[in-house]
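Here the structure comes first, spelled out in structure tokens, and everything after it is commentary.
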Amino acid sequence: MPAITVENPLELPQVVKPATSEHPRRLKSITTAPGGLEGEGFPVRRAFAGIDLADLDPFIHLDQMGEIDYGPGEPKGTPWHPHRGFETVTYMMEGTFLHQDSIGGGGTIQNGATQWMTAGAGILHIERPPDALIDSGGLFHGIQLWVNLPAKLKMTTPRYQDIEATSVSLLTNENGDAIIRVIAGALGDAAGPGVTHTPITIVHASLLPGGTLSLPWKPEYNALTYVLAGQGTVGLDRQPIGEGQMAVHVDGDFIVLSANERQDSRTHALEVLILGGAPIREPVAAYGPFVMNTKVELQQAFDDYQAGRLGQIPANHI
Ligand code: MN
């Protein structure tokens, strides 16, 4: 799982839990993500399945895409489709997605890059592997996160941000056995490059076998840890967690994670995505590609899409 990494983590700045942090987050639940298919049929894990929306707020949806090793001709993407009322964050650790949208945004997402698309009032977009990758097959592994927008920003102007892997903030822990990538928001004194409408933090951390991490976490943020690969524990009382599982942490100002001494030979490390944000605490009416506050607004989104008011597929489309 390359994403972005360094030879010697000890050269990185350290993130340490401040001495004033006194309350480790308590584990509320661990759930196992069921598998599914997305777009034209690529395999995903639905990481938020079975978790109360109140614990996820301000997040709506999280898919782990892959990890899958495609044969020739097998890689798949999505057709053109609309969104309104939220933001999508796509982070690619293996493989490549091409993106194009109806506001002129577009690019290649690969090798630890992130694409941040604010759908706001409305956008059409497509995500697909490049032809060369479809022909060759190969590894594909990423995540797509949906971040809600508050009522006052649901109809904001759409926006596209291309975040290169090299712009991600890299940190380590006290022992130098973790690589912590801050993709968006703040983590202690560090900040990631993603510009967020809703205050959130997104971190991808790799813990070497036996490594332990105490991450400062804003008490007002929710806190979710999803295991992308490997085996470890959460909390000071070391509750077991493994690949495809999601922990909800509540009440506290730091998060404790540990990697088991034994990891499988494929990944070597515990790979986790750690997410949190300021809850929006508004009603959520979500259906298909739209996330609004009321059913009337959802119907309006469908009507606007049918009438072509969410955008047009560009003439030079991929
Ligand atoms: Mn989409």
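Amide H contacts for His125 (H built 1.01 Å from N in the peptide plane; partners 5 or more residues away or on another chain; cut-off under 5 Å): His81.
Ordering of 143-151, 130-138, 3-11 by packing is 143-151, 130-138, 3-11, highest average first (other Cβ atoms within 10 Å, averaged per residue). Here Lys152 is the anchor, and the lysines within straight C-alpha reach of less than 30 Å, apart from those fewer than 8 places off in the same chain, are Lys218, Lys295.
Mind checking the stretch 30-88 for GluC sites (Glu not before Pro) that DSSP puts in a loop (not H, G, I, E or B) and that have at most 14 other Cβ atoms within 10 Å? Working shown, then result.
Details: sites: Glu38, Glu40, Glu67, Glu87; in loops: Glu40.
Listed in order of number, the matching sites are Glu40.
On full extension, the segment bounded by Ala278 and Leu10 gains 93.3 nm, given 0.36 nm per residue less the C-alpha separation.
Using C-alpha pairs under 8 Å with a sequence gap of at least 6, the mean separation divided by the residue count of the chain gives a relative contact order of 22 percent.
On the chain, 51 percent of the accessible area sits on carbon and sulfur atoms, based on a 1.4 Å probe. Secondary-structure-derived ellipticity at 222 nm for the chain, considering helices only, amounts to -2000 deg cm²/dmol, per-run term -39500 (n - 2.57) for DSSP H runs with n ≥ 4. The angle between the Cα long axis of helix 295-306 and the longest principal axis of the Cα atoms of the chain comes to about 60 degrees, rounded to the nearest 10. When the GluC sites (Glu not before Pro) in the stretch 249-313 are filtered for DSSP coil states and for at most 14 other beta-carbon atoms within 10 Å of their beta-carbon, the remaining sites are Glu261.
Calculate the dipole size of the chain relative to its Cα centre from +1 charges on Lys and Arg beta carbons and -1 charges on Asp and Glu beta carbons; express the result in debye to the nearest 20. Don't skip to the answer; put the middle values down first.
Numbers: 20 positive and 35 negative charges, 145 e Å.
Rounded to the nearest 20 debye, it is 700 debye.
Taken along the Cα-to-beta-carbon direction at a fixed 7 Å, the label points for Asp237 and Gln306 span 5.3 nm.
The stretch between Ala54 and Arg159, if pulled fully straight at 0.36 nm per residue, gains 35.1 nm over its current Cα-Cα span.
At R0 = 35 Å, how high is the FRET efficiency between Ala151 and Glu220 if r is their beta carbon distance? Nearest 0.05 is fine.
0.95
With every protein chain present, what is the per residue accessible area of the chain (1.4 Å probe, Å²)?
Values: 13140 Å² over 318 residues.
Averaged over the residues of the chain, the accessible area is 41 Å².
Output the direction-averaged projected area (hull surface divided by four) of the convex hull of the alpha-carbon atoms of the stretch 13-280, in nm². Mean orientational projected area (the stretch 13-280, Cα hull): 13.3 nm².
How charged is the neighbourhood of Glu282? Take every other residue with its Cβ under 13 Å from the Cβ of Glu282, and add Lys/Arg as +1 and Asp/Glu as -1. The partial results should precede the final answer.
Working: positive: Lys152, Lys154, Arg281; negative: Asp57, Glu297.
With Lys, Arg at +1 and Asp, Glu at -1, the net is +1.
Ranked by the mean number of other Cβ atoms within 10 Å of their residues, highest first, the peptides 228-235, 29-36 come out as 228-235, 29-36.
The values are calculated or read from the model by the stated rules, or taken from the named source; none is laboratory data. The shown structure was predicted, so the numbers you read here are calculated from the model rather than taken from an experiment. Note that each Cβ is placed from the backbone with ideal geometry, even for glycine, and that neighbours are counted across all protein chains shown. For accessibility, only protein heavy atoms count, side chains too; no ligands or nucleic acids. Shrake-Rupley method; radii C 1.70, N 1.55, O 1.52, S 1.80 Å.
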